[in-house]
Amino acid sequence: MGHARVRLHRRPTVAVLATGSELLPAGAPLGYGQIPDSNSMLVTQLAAEAGAIPEVFACHTDTPESFLAGLRTLADNADLIVTTGGVSAGAFDVVKAALLREGVRFEKVAMQPGKPQGYGMVVDSAGRRVPIICLPGNPVSSFVTFLLLVRPFLLKLQGAT
């Protein structure tokens, strides 16, 4: 085509975290109050379809300290972190409780499903700021908000206008 230079963008790496001690891997026998972790598979597939390289990390904890410790490790190798669950107005939402201290903002977006959202930056072990988007835990809410908020962000990371 006669072009001497071509602009390239590498595929972004996305760390996917579904939170909640009630979540179990798909196919595992469920006990009282437990549910299958469908969001990890959902968000991973959507990220791959958007051109990213997704990496799933089990974060089935409900303490802010253990959540933040895992999050900092993930940030070292991620271009974006996407969490599901723990962002609503419940009695105890681990993602919100942990990340408010880090300066991540949590807003209610005028849409249904998918009203509670979080966004901001977390700092990795080298001091690099890594974007984080926090989606609600309901699978339909995660699906809709990924398409409306995360997918465009991933495309922009890849040079889309």
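List of remarks:
- Residue count for the stretch 5-46, restricted to those that are in contact with a Phe, Trp or Tyr (Cβ under 8 Å, 6 or more places away or on another chain) and at pLDDT 85 or above: 6
- For the stretch 51-71, the count of residues that are in contact with a strand residue (DSSP E or B) (Cβ under 7 Å, 6 or more places away or on another chain), aliphatic (A, V, I, L, M) and more than 26 Å from R7 (Cα to Cα) is at least one.
- Here T145 passes the criteria (1) assigned to a helix (DSSP H, G or I); (2) open to solvent by 40 Å² or more (accessible area, probe 1.4 Å) except the one numbered (2).
- Counting the residues of the stretch 107-119 that are touching a helix residue (DSSP H, G or I) at 6+ places or on another chain (Cβ under 7 Å) and among the small types (G, A, S) gives 2.
- Boolean, P116 is touching a residue at least 40 places away in the same chain (Cβ under 8 Å) and not β-branched (V, I, T): no
- Single unsatisfied condition, I133 versus (1) farther than 18 Å from P64 by Cβ; (2) part of a strand (DSSP E or B); (3) over 11 Å from the mean Cα position of the chain (by Cα); (4) among the aliphatic types (A, V, I, L, M): (3)
- Of the numbered criteria (1) touching a residue at least 24 places away in the same chain (Cβ under 8 Å); (2) open to solvent by 60 Å² or more (accessible area, probe 1.4 Å); (3) among the polar types (S, T, N, Q), the one Q158 fails is (2).
- Only one of the numbered conditions (1) open to solvent by 10 Å² or more (accessible area, probe 1.4 Å); (2) under 20 Å from R11 (Cα atoms); (3) in contact (Cβ under 8 Å) with a residue 40 or more places away in the chain is violated by I132, and that is (1).
- Flag for L99 being touching a residue at least 40 places away in the same chain (Cβ under 8 Å), among the hydrophobic types (A, V, I, L, M, F, W, C), touching a Gly at 6+ places or on another chain (Cβ under 8 Å) and closer than 23 Å to T145 by Cα: no
The values are calculated or read from the model by the stated rules, or taken from the named source; none is laboratory data. As the structure is a prediction and not an experimental result, all values here were calculated from the model. Cβ atoms come from the backbone with ideal geometry, glycine included; neighbour counts cover every protein chain shown. The accessibility values were calculated without ligands, DNA or RNA, using every heavy atom of the protein model including side chains. Shrake-Rupley method; radii C 1.70, N 1.55, O 1.52, S 1.80 Å.
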